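Take a look at the structure below.
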Amino acid sequence: MAEWLGLFQRFLKDFILGAGTTLELTAVGLLMGFLLGLGLALAKTFGPKWLRAIATGYIELFRGTPLLVQLFLIYYGLPSLGITLSQTLSAYLALGLNSAAYQAEYLRGAIQAIGNSQMMAGRSIGLSRWQTIQHVILPQALRLALPSWSNEPISLLKTTAIVFLIAVQDLMAKAKRAATITYNPIGSYLAVAVVYLVLVFALDALLKWAERKTKIPGFEINTKRV
Amino acid sequence: MPKPILTIKKLTKKYGNNVIFHDIDLVVNEGDTIVVIGPGGTGKSTLLRCVILLTKPDGGEIWLDDLEITAKGADEDRVRQHIGMVFQNFLLFNHLTALENVKLGLTKVKHLPEAAAHEKALAELTRVGLADRADHYPGQLSGGQQQRVGIARALAMDPRVMLFDEPTSALDPELIGEVLEVMRNLSLEGMTMIVVTHEMGFAREVADRIVFMEKGSIVEEGTPDDLFYRPKYERTREFLWKITELYGKKEAKE
Amino acid sequence: MNFSSFIQYIASGTAYTLGVTLVALPSGLVLGVLFALLYVYGGRVVSRLMSLYSTVMRGIPPIVLLFILYFVMSGSVNLSPFWAGSISLGIISSAYQMEIVRGAILAVSGEQMLAARAIGMSTLEAIRYVILPQTLRLAIPPWSNEAAIVIKDSSLVYALGVPEILRRAQLISASTQQPFLAYISAAVIYFALVFIANRLLARLERRLTIPSNP
């Protein structure tokens, strides 16, 4: 045990750097995924048939294949088509595109729940479709989606762990390095597991705070957090 | 000289093979309060939604003043500034306070400056008796209060015509009165209104004309006295009999 | 090399992918159901323990857990990467499946348990004849989500050297210098597997639906 703590201490700085990268990957992936996912959700709810089909196709493809395959496709596969991206960029792209597909479903559920009747109400006072989406539907839908959407940042944080397989220097990569140096794989990965747990708890607390902050008085929706 | 504000000509609506209503003709003059009654599912709500262009009719025309609003190329969003609608389920914007609900159309559609919008919104809320609830969210208001905010929201746009789609059907009995009161006052002030409702007392006392719709067409149209005491058709008499019994109001035949 | 020979080579890894999935998923299910029952009916201490298990196991990235469990297992018992990897994935999945089953039990439980005890059943009998049958039906939709996840997560064991789909894609990508084609082929095969799994489970759900008049 003392030996393990010693390992922890020795590589703490390394782990913190790695954790920083992990958080960065999560943030970028989440943001990309949100913007694209919102677009997909709106397309699926309000778009013409052909746009809905494209959105559905995208979502099915990215949710139906492993992230690892998507990552390898981007990092190893694209160069043979002339597009070469750095490890970090490939990771951002893969995480963002993948997360978009999942976020689209969370957002779509909320938009559809709010959708139709509020669209009627907005248009009845002369707002255009787009204005109604902007000022009436999204403010409500995003708040409604928050509890179930909150699963995504946490899921994404855990998912970023695989990018070390294309040598991105995240937390997992630091663990691997520690393992190689100390010949103690179990200890190293256990140490990193603890750091991940801490990150997840912190993120969870942050999300719960956000939920409380954005509540609409009197408009309580009970959606379960998985 | 009565001036027609709204003219509906031969309006038809289908869903697939189902005919919701067909060849509806209706003229609404300035200041009229028209009450539409009839059994459920006969297309009364759909008719209102067609008037405010939230649903596209399959045939016929609707004219607002001198403009055919069902014509191709008509600016629907603009038209909807001149028609107000009150919904059965209120449909308030849940994330906004009562005041903000009323203000939204003023700032985003009519582009009024903040101060002017605020003033007007407060005035409309006062008109429906809810100035003291301006900062409450819909979730903090009773059904009757929510509906009155809904009315204020529609009125704020200064519409030519107000449409009411079963405004009290979703309310607890003791809250119905406050909404009908607001509607009665509106009518007395000269607002042109089309009201779909089952509230026969309101129809009798406030309507200038009552329209009885059944199975997708207008069976009979006339003043309250005409319909209640001298209905031309058996179906009209039957329906009125049933519904006044159901609502426990005084019989039509006295 | 053309597309179809690519698919053929990589598809031969499907046996391993299916193998991993068919070990991980059921073992995750058995453990998941057991843990869920312990969580709901096991009393305060056990409940807290299970809650802790759930939080920890679901808070750590699967790949980290996979590596830890793999090294622990291959260190103490002489297991092949295939078995070590599959069982590890099963253990990881058990935490998620526990939450799914727990959610379903809670959606059924309350009054059903009351009714069952009222006709004289013991808690155990009630669980077996009344609660679980309903639970398992309710759990199918979220469970098919988990099944899809396990199929996709099986790709992680490539890092342990198991010659499943992704590993074979890597090998053929290196030997033919056609990485794009290789990984697209892998993606197609995974997609097909997930698609089929979803269809099968949807059919199962339809079969098990309790008739009701909406």
- Acute angle (nearest 10 degrees) that the helix B:98-108 long axis makes with the longest principal axis of chain B, alpha-carbon atoms: 90 degrees
- Using the Cα atoms of the stretch B:137-226 to build a convex hull, what is its mean projected area in square nanometres? 6.8 nm²
- Query: So what's the projected area for the stretch C:1-75, the Cα convex hull averaged over all directions, in nm²?
  - Reply: 7.4 nm²
- Note on the structure: For chain B, longest principal axis from Cα atoms; helix B:143-155 axis from its Cα atoms; angle between them, nearest 10 degrees, is 80 degrees
- Query: Of A:ALA104, A:ALA53, A:TRP149, which is farthest along the charge dipole of the stretch A:2-214 in the positive direction, counting Lys and Arg as +1 and Asp and Glu as -1 at C-beta?
  - Reply: A:ALA53
- Item | Cleavage-rule hits (trypsin sites (Lys or Arg not before Pro)) in the stretch B:47-136: DSSP loop, at most 16 neighbouring Cβ within 10 angstrom | B:LYS72, B:LYS110
- Expressed in angstrom, Rg and Dmax over the Cα atoms of chain C are 20.3, 70
- In whole percent, what relative contact order does chain A give with Cα contacts below 8 Å and a gap of six or more residues? 28 percent
- Query: Which percentage, to the nearest 5, of the DSSP beta bridges contained in the protein assembly as shown is antiparallel?
  - Reply: 55 percent
- Query: For chain B, what is the convex hull volume of the alpha-carbon atoms per residue, in Å³?
  - Reply: 138 Å³
- Note on the structure: Note on chain B, DSSP bridge orientation, antiparallel percent to nearest 5 equals 55 percent
- the protein assembly as shown: D in µm²/s via Stokes-Einstein (Kirkwood Rh, Cα pairs, 4 °C, 1.567 mPa s)? 44 µm²/s
- Note on the structure: Helix C:62-76: inclination vs chain C longest Cα principal axis, degrees, rounded to 10, gives 90 degrees
- Query: Averaged across the residues of B:91-104, what count of C-beta atoms belonging to other chains lies within 10 Å of each residue's C-beta?
  - Reply: 5
- So which helices of chain A fit the span-like rule, where a helix is a whole DSSP H run, its Cα atoms reach 24 Å or more along the axis, and its mean Kyte-Doolittle is at least -1.0? A:2-46, A:87-124, A:185-213
- Task: Give the Rg/Rh ratio for the stretch A:145-226, taking Rg as the radius of gyration of the Cα atoms and Rh as the Kirkwood radius, to two decimals.
- Result: 1.16
- Message: Over 24 Å between Cα atoms: which of B:LYS3/B:LYS108; A:LYS13/A:LYS158; B:LYS10/B:LYS110 fall into that group?
- Response: B:LYS3/B:LYS108; B:LYS10/B:LYS110
- Message: Taking only the Cα atoms of the stretch C:77-156, how large is their convex hull per residue, in Å³?
- Response: 99 Å³
- Query: Which entries of B:LYS44/B:LYS232; A:LYS44/A:LYS215; B:LYS14/B:LYS215; A:LYS174/A:LYS208 show an alpha-carbon separation above 23 angstrom in the structure shown?
  - Reply: A:LYS44/A:LYS215; A:LYS174/A:LYS208
- Query: Using modelled backbone amide H atoms (1.01 Å from N, in-plane), which distant-in-sequence or interchain residues come within less than 5 Å of B:ASP32's amide H?
  - Reply: B:MET193
- Note on the structure: Share (percent) of C-alpha pair distances in the stretch A:2-214 greater than 24 Å works out to 52 percent
- Neighbour-count ranking [beta-carbon atoms within 10 angstrom, fewest first] of C:VAL30, A:VAL195, B:VAL79, A:VAL168: C:VAL30, B:VAL79, A:VAL195, A:VAL168
- Consider just the alpha-carbon atoms of the stretch A:93-145 and return their Rg together with their Dmax, both in angstrom. 12.9, 42
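Just so you know, all these numbers are worked out from the coordinates, no wet-lab data involved. Quick caveat: nothing in here was measured; it's all calculated off a predicted structure. We place every Cβ from the backbone using ideal geometry, glycine too, and count neighbours over all the protein chains shown.
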